[in-house]
Each structure stands twice: as structure tokens, then as C-alpha cells.
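*Asks:* Here you go, one structure.
The values are calculated or read from the model by the stated rules, or taken from the named source; none is laboratory data. Everything numeric here is computed off the predicted structure, so don't read it as measured data. Cβ placement follows ideal geometry from the backbone for every residue including glycine, while neighbour counts extend to all protein chains displayed.
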Amino acid sequence: MRFPYAPLPFLVFIFILGLLLGVVQLGALTVAFDKLGLSPGSAFLLLFASLLGSAVNLPLFTMRAERPPEAPVPRPFPGLLRFPARAFTGRTNVAVNVGGCLMPLLFSLYLLGHAALPGWQVIAAIAAVTAISRLISRPIPGLGIGMPIFVAPFSAAAIAMLLNAEASAPLAYIGGTLGVLIGADLLRLDDIRRLGAPFASIGGAGTFDGIFITGIVAVLLA
């Protein structure tokens, strides 16, 4: 795999990394990770690994794609993350992003093993956010799957507070992260075929993909 950083993006990476260090020490992310039982040093390592991993997409499989409409597609949601369209190739390569998906997923599994959460509450939180994410996400021809950024984290926080107010932070992170992963990504795989995008990455917006943002914002709200 070739080195993913051009000079300018690499300088941006260094700049963002410095900002993240300050945020972890003093800002909102410290509050979020403190609720989850992480020290500032551990939180910084997690963010560093997520940021570095956001440049890595692990290929999963290839599927046939249908040509998208030629006309520009209107933006359906305020605050929707969008990316430049790529040329139609007839096939879509599906991958998983390390920083935007695998790292939040692994951290969710860590919380499942360390937080005293009843199984039915975890399942209920994940199922509820999955249903909401599936409902509000939309396929965008030539681009991918999009959804409003803050609906899922607000939903995950509210659901966690209703189910278990004392352990709402880890429950909100797990429910939000896995709910978005399942509802907006995995359950939308069939839609990718009709989008005409040559490349689709689960968590592909990188560290600040909806999966990552959902987990952090949900914890802050819980």
C-alpha cells in the first residue's frame, strides 16, 4: 500500500494532531473520554490511532455498480457531509476505514467488556439507533450514503439516558457507534450498487465520519 499522505495533507495532519493534543488536555473530548473512564493520555493515543488510521482503507469486496443520474443531485440534508463525485467505472470497491470505523468499533467492544451494562439495554440502544440511522440516511448517486450529522448522537444520548442514567455515557457510545455502523452503513450496502461510486468506504470520511462523531457527541450529551 502506497504512503497515503501528500505533503500538504501531511502538514494538515500534523497541525490537527497538535490541536487534538490541546483539546484532549483542556476541551470537550477530555470530558467525553473521562466519562468513559479514559485518562487524557489514553484518550490522546486513541485519537492519534484514529487519525492515523483515517488514511487507511482495507478492501473488502467488489460489486457491480449502476450508472448514476447525470444531473447534479440536490443536497437533501442541512449539515450533510459530501465529497467530490468520481468517474463511473461500472464497479464499486467496498472497503472499511480503520480510523472512521474499526477504531470506534474496537473501542465499543472494549467498553462492552469493561462497563457493567445489562445485555438487554445494549441490544435495545443499538437497535433503536440502528432504526433511526436506517430511516434518516439516504443514498446519494455518485457519492455514497449520507445522513444528518447530529440526529444519531442526540438519539443515542436520549435513549441511553432513558435506559440507564447511571451508565449513560458508555451505553450512548456503544449504541450510537454500532447503531450508525449497522443502520447507515451495513444495512445500506445494497443501495451502494445503484450509486455509481467507484469506491465506497465504511467510515470513509475518516476520523470525523458520522460513526466517530456520533460516539463522542452522544457521550457529551449523555
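*Asks:* Consider residue 105 carefully, then state whether it is at pLDDT 80 or above, more than 26 Å from residue 192 (Cβ to Cβ) and not hydroxyl-bearing (Ser, Thr, Tyr).
*Replies:* Numbers: at pLDDT 80 or above: yes; more than 26 Å from residue 192 (Cβ to Cβ): no; not hydroxyl-bearing (Ser, Thr, Tyr): yes.
It is false that residue 105 is at pLDDT 80 or above, more than 26 Å from residue 192 (Cβ to Cβ) and not hydroxyl-bearing (Ser, Thr, Tyr).
*Asks:* Is region 83-97 home to any residue that is among the β-branched types (Val, Ile, Thr), surrounded by 13 or more Cβ atoms within 10 Å (Cβ to Cβ), at pLDDT 85 or above and over 20 Å from residue 191 (Cβ atoms)?
*Replies:* No: zero hits.
*Asks:* Which of the residues spanning region 184-199 are farther than 18 Å from residue 104 by Cβ and either crowded, with 18+ Cβ neighbours inside 10 Å or of a type in the set (Asp, Glu) (or both)?
*Replies:* First, the residues of region 184-199 that are farther than 18 Å from residue 104 by Cβ: 189-199.
Scanning region 184-199 gives 190, 191, 192, 195, 196, 197.
*Asks:* Just the residues that are part of a helix (DSSP H, G or I), polar (S, T, N, Q) and buried (at least 22 other Cβ atoms within 10 Å of the Cβ), please, taken from region 109-157.
*Replies:* 133, 155
*Asks:* In region 19-72, how many are within 30 Å of residue 197 (Cβ to Cβ) and either at pLDDT 70 or above or crowded, with 16+ Cβ neighbours inside 10 Å (or both)?
*Replies:* 24
*Asks:* Applying the selection to region 167-183, what residues are buried (at least 24 other Cβ atoms within 10 Å of the Cβ) and without any contact (Cβ under 8 Å) to a residue 60 or more places away in the chain?
*Replies:* Correct list: 168, 171, 172, 175, 176, 179, 180, 183.
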